[in-house]
1. Around Asn65, with a cut-off of 11 angstrom between Cβ atoms, what is the net charge of the other residues, counting Lys and Arg +1 and Asp and Glu -1?
2. Quick check: Cα centre of segment 71-106 to Cα centre of segment 32-56, how many Å?
3. Please give me the summed charge of the neighbours of Asp111: other residues whose Cβ is under 12 Å from its Cβ, Lys and Arg +1, Asp and Glu -1.
4. If we count every other residue with Cβ under 11 angstrom of Gly35's Cβ, Lys/Arg +1 and Asp/Glu -1, where does the sum land?
5. I need the phi-derived Karplus couplings for segment 101-108: 6.51 cos²θ - 1.76 cosθ + 1.60, θ = phi - 60°, integer Hz, Gly and Pro marked x.
Amino acid sequence: MFQCTVEYPDSTEKEQIMEVTSQPAAFEPRDFHTGLMSCCDDMGVCCCGFFCLACLGCSIASDMNECCCCGLGMPIRSVYRTKYNIPGSMCNDWMVAYCCLGCAACQMKRDINIRKSNGTLKP
């Protein structure tokens, strides 16, 4: 517990006791459910990513309640990682999105599908 003094405009002081509690994290830190190059784990997502990457991006954005224009690239990957407490960095997100955008998008969509099936996808 912390004790602090509050000074009011009429020059009176009053001591207050404040209890500080920490909030538990929504999700335990864990990696993506599938690897970056695990495209064959879900052939439907893989085909969508290969033949119509923009459609896959819109699907990802829709699942995350974001604008369809936000479905691909480093920003949406960083938001997703932060939301689900997945370890990594913005630099790593940028490199993954720059070097293998299709694989990164497929990995996110597979992870979203897994979270949907086990009921842990946040709206």
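Throughout, read-outs are computed from the coordinates displayed, never taken from laboratory work. Computed from a predicted model, the values in this text were never measured in an experiment. Here Cβ is always computed from backbone atoms with ideal geometry, including for glycine, and neighbour counts include all displayed protein chains.
1. Numbers: positive: Lys83, Lys122; negative: Asp63, Glu66.
Within the 11 Å Cβ shell, the charges total 0.
2. Computed from Cα coordinates, the inter-centre distance equals 14 Å.
3. Result for the neighbourhood of Asp111: +4.
4. Values: positive: Arg110; negative: Asp31, Asp41, Asp111.
Cβ neighbours under 11 Å give a net charge of -2.
5. Each residue's phi maps through the Karplus curve to give 4, x, 5, 5, 5, 4, 4, 4 Hz.
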